[in-house]
Amino acid sequence: LYRVQTSGAGRIDSVLVEPGSRVSRDQTIAVLAQPELRMALQQRTLDLAALRENYASTSSLLASDRDLELASITQQQRQADEALRAARQRLAYLDARIEVEAQALERGLITPDAAQSTVAQRAETKLQELSTLAQRQQLSARAVQLRVATSQRLFDLEREIVRAADDS
């Protein structure tokens, strides 16, 4: 005699042994019909398929959005780089002009206000350069942040799919 145990509730669908037959440990002797479990498994399978489909479309959309935004950031970085080049050229010009105006001021050829105006222009241009440099760094940080956020969203979706698959 053996003790018979089932893994779940249900009705007997088929008996695989005859009464009085010899059976061994772990031998399947009957099959239980479990329609609720079968329905639940089918629903989980459908849910998992929907999650995978959602992942594929979401992944594609996230990649597209990321690529568009990165292209915009790249364009803004190019504009910032051009603005930096222009500011640096203007600073070199103003430095040379300040030097010439200092000599002209010593000779009395220009007024102190005229010389000071050029110094003020240089200070304003230097401020523009530093502002543009900060903007450039913010754009670089935004590009990194965008890549990380996209990867995190995809990772979260993958984790959800794995959990759903494990629950099935």
Being out of contact with any Leu (no Cβ under 8 Å at 6 or more places or on another chain) and touching a residue at least 60 places away in the same chain (Cβ under 8 Å) is the filter here; which residues of segment 52-64 pass it?
ARG52, ALA63
Answer yes or no as to whether LEU32 is open to solvent by less than 80 Å² (accessible area, probe 1.4 Å), farther than 30 Å from SER140 by Cβ, outside any helix (DSSP H, G or I) and touching a residue at least 24 places away in the same chain (Cβ under 8 Å).
yes
Give the residues of segment 65-95 that are touching a Leu at 6+ places or on another chain (Cβ under 7 Å) and under 18 Å from ALA143 (Cα atoms), sorted by residue number.
ARG66, GLU69, LEU70, ILE73, GLN76, GLN77, ALA80
Mind listing just one residue for me: the one in segment 1-51 that is at pLDDT 85 or above and of a type in the set (Asp, Glu) and, of those, farthest from ARG163 (Cα to Cα)?
GLU18
What is the number of the single condition among (1) surrounded by 13 or more Cβ atoms within 10 Å (Cβ to Cβ); (2) under 37 Å from the mean Cα position of the chain (by Cα) that SER57 does not meet?
(1)
Condition broken by ARG88, with the remaining ones in (1) modelled with pLDDT under 95; (2) of a type in the set (Lys, Arg); (3) under 30 Å from ALA123 (Cβ atoms) satisfied
(1)
Do the conditions hold for ALA104, that is, is it within 30 Å of ARG147 (Cα to Cα), assigned to a helix (DSSP H, G or I) and either open to solvent by 90 Å² or more (accessible area, probe 1.4 Å) or not hydroxyl-bearing (Ser, Thr, Tyr) (or both)?
no
When you go through (1) part of a helix (DSSP H, G or I); (2) open to solvent by 60 Å² or more (accessible area, probe 1.4 Å); (3) over 30 Å from LEU46 (Cα atoms) one by one for LEU109, which number turns out not to apply?
(1)
Could you count how many residues in segment 83-92 are open to solvent by 100 Å² or more (accessible area, probe 1.4 Å) and free of Cβ contacts under 8 Å to residues at least 24 places away in the same chain?
2
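The values are calculated or read from the model by the stated rules, or taken from the named source; none is laboratory data. Nothing here was measured: the structure is a model prediction, and the numbers come from that model. Don't worry about glycine lacking a Cβ; one is built from the backbone with ideal geometry, like all the others, and counts go over all protein chains shown. We work out accessible area using only protein heavy atoms, side chains counted, and drop any ligands, DNA or RNA first. Shrake-Rupley method; radii C 1.70, N 1.55, O 1.52, S 1.80 Å.
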